[in-house]
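Only the coordinates and a few stated rules stand behind these numbers; no lab work does. Here the structure is a predicted model, which is why all the values come from computation and not from measurement. With ideal geometry, Cβ positions are generated from the backbone for all residues, glycine too; neighbour counts draw on all protein chains shown.
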Amino acid sequence: MAERFRPPSELEVARRMVERGVKPQHAVIESEKFVGFYESKDWHVGKNKMKSWRGAVATWIAGMDQTKLTGQALLTRAAKAQALREG
C-alpha cells in the first residue's frame with residue numbers, strides 16, 4: 001500500500017534542494033517559499049492533492065534562477081542539453 005502523503009518541513013525541503021544542487025543559502029530561502037506556497041494551497045497541485053513533495057521540489061528547482069545552483073547542478077543541466085542536441 002502506498003505511503004500516505006505528509007507535508008514536509010522547511011528543513012526537509014531545504015535538504016532535498018541541497019541534494020539536488022541548490023546552494024545551501026538559497027535552499028533555505030527557497031524552502032520557505034515552497035512550503036509557504038503549497039501550505040496556502042492546502043498542498044494541492046491544481047485541483048489534485050499533492051502526491052509527492054519530492055517531485056514538486058524537482059519542478060520548483062527547474063524553474064529557479066541558475067545562479068542559485070551549484071556548479072555540479074549546472075554541469076548536469078548542460079550535459080542533458082548537449083545530449084538532447086546530439087539526439
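Within segment 60-70, which residues are assigned to a helix (DSSP H, G or I) and surrounded by 10 or more Cβ atoms within 10 Å (Cβ to Cβ)? If you could, list the steps in order and put the result at the bottom.
Initially, segment 60-70 is screened for residues assigned to a helix (DSSP H, G or I), giving 60-62, 66-68.
Trp60, Ile61, Lys68, listed by residue number.
Of the conditions (1) closer than 25 Å to Leu69 by Cβ; (2) assigned to a loop (DSSP other than H, G, I, E, B), Met17 satisfies every one except a single condition; which number is it?
Among (1) closer than 25 Å to Leu69 by Cβ; (2) assigned to a loop (DSSP other than H, G, I, E, B), Met17 violates only (2).
Mind checking which residues of segment 1-14 are assigned to a helix (DSSP H, G or I) and loosely packed, with under 13 Cβ neighbours inside 10 Å?
Answer for segment 1-14, where residues must be assigned to a helix (DSSP H, G or I) and loosely packed, with under 13 Cβ neighbours inside 10 Å: just Leu11.
Specify the residue that is surrounded by the most Cβ atoms within 10 Å (Cβ to Cβ); the eligible residues are those in segment 16-48 that are closer than 27 Å to Thr76 by Cβ and either touching a His at 6+ places or on another chain (Cβ under 7 Å) or free of Cβ contacts under 8 Å to residues at least 12 places away in the same chain (or both).
Step one: filter segment 16-48 for residues closer than 27 Å to Thr76 by Cβ, giving 16-35, 37-38, 45.
From what's left, either touching a His at 6+ places or on another chain (Cβ under 7 Å) or free of Cβ contacts under 8 Å to residues at least 12 places away in the same chain (or both): 18-19, 24-25, 29, 33, 37, 45.
Working: Val18: 16, Glu19: 11, Pro24: 11, Gln25: 9, Ile29: 13, Lys33: 13, Phe37: 11, Val45: 14.
Filtering first and then ranking leaves Val18.
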